Amino acid sequence: MGFFEFAKVMMVVYNLLILMAGSGLIASGFWVQFNGDVLGSSLLGVFSVNTVNTIRVNIFFIIVGIIMALLGLLGCCGAKKESKCLLIMFFSIIAIILISELTIGIFTVIYSSYIGNLLKSWAKPVLQNQYGSDFKLTNQWNMTMTKLQCCGFNNYTDFVGSYYSKLYGEIYHSSCCANTTIICTMENARNSTVQGCFKKIEKTLDDLLYILGATAAGVGGIEIGAMLVSLYLFCYLDKDAS
């Protein structure tokens with residue numbers, strides 16, 4: 001088997017991987033569509049109100065998955081038919097997708113701190129003014145604090161001077177005192193080592209970003225390999241035609 005034939009085989013392999021990845025993204029998109037509320041609540045708790053529900057992750061997954069699945073078919077057809085037009089089209093689209101992915105990745109890194117500040121500007125006023133008066137929001141915060149074993153957004157001081165403290169006195173949610181049997185007063189909350197929920201959610205998101213980054217690196221490696229093989233096949237066919 002010559003190198004050209006080997007390159008054709010590798011082109012098919014790469015594009016089958018791209019096709020499988022695209023199909024997986026489509027399936028993930030539909031899964032998020034039907035399980036998004038459960039996912040957001042279990043992972044982010046109350047923070048899902050201002051994050052997950054405003055980002056149409058499912059639509060993004062489905063669109064990108066469809067494009068990748070079609071690209072997989074396009075690349076396979078280009079290699080099988082030895083079509084220069086299909087190969088250069090495949091190369092160009094993959095290059096655009098790769099550049100877009102890198103741009104989104106850089107944008108995410110740059111604006112991650114901005115997102116944290118946005119959450120901070122939202123969370124403390126909510127705890128001060130709505131915790132204890134809005135039943136749904138209060139229940140969401142309580143579930144989040146219980147699930148993540150955290151207290152407030154930064155710590156127990158987020159509740160000082162709040163509507164809740166004025167209504168019930170300086171008595172805090174049991175999570176602020178590590179769910180002990182004692183009444184969680186300000187002094188007990190101050191002496192506890194319970195962190196704010198932002199620290200907990202930040203660690204959870206960092207772990208997720210690590211997984212997503214590793215996945216993106218793997219997909220990027222497949223895309224670069226497919227680009228190089230398609231470019232080689234195009235150059236070979238172009239040289240052979242001339």
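The values are calculated or read from the model by the stated rules, or taken from the named source; none is laboratory data. What you see is a predicted model; the values in this text were computed from it and never measured. When we count neighbours, we look across all protein chains shown, and the Cβ atoms used for this are built from the backbone with ideal geometry, even at glycine. Protein only, heavy atoms only, side chains kept; ligands, DNA and RNA dropped before computing areas. Shrake-Rupley method; radii C 1.70, N 1.55, O 1.52, S 1.80 Å.
Accessible surface for region 186-225, divided over its residues, is 64 Å² per residue with a 1.4 Å probe.
At a 1.4 Å probe radius, carbon and sulfur cover how many percent of the accessible area of region 121-177? It would help to have the intermediate numbers written out before the result.
Values: 1500 of 2710 Å².
On region 121-177, the fraction of accessible area on carbon and sulfur atoms equals 55 percent.
Spin-label pair Arg190-Val13: with each label point 7 Å from Cα along the Cα-Cβ axis, the two points sit 6.6 nm from one another. Dividing the mean sequence gap of close Cα pairs (under 8 Å, 6+ apart) by how many residues region 150-242 holds gives a relative contact order of 27 percent. Of the GluC sites (Glu not before Pro) in region 90-195, not one is in a loop by DSSP (not H, G, I, E or B) with at most 11 other beta carbons within 10 Å. If the Kirkwood radius is taken over C-alpha pairs of region 99-200, then at 37 °C and 0.692 mPa s the Stokes-Einstein diffusion coefficient equals 225 µm²/s.
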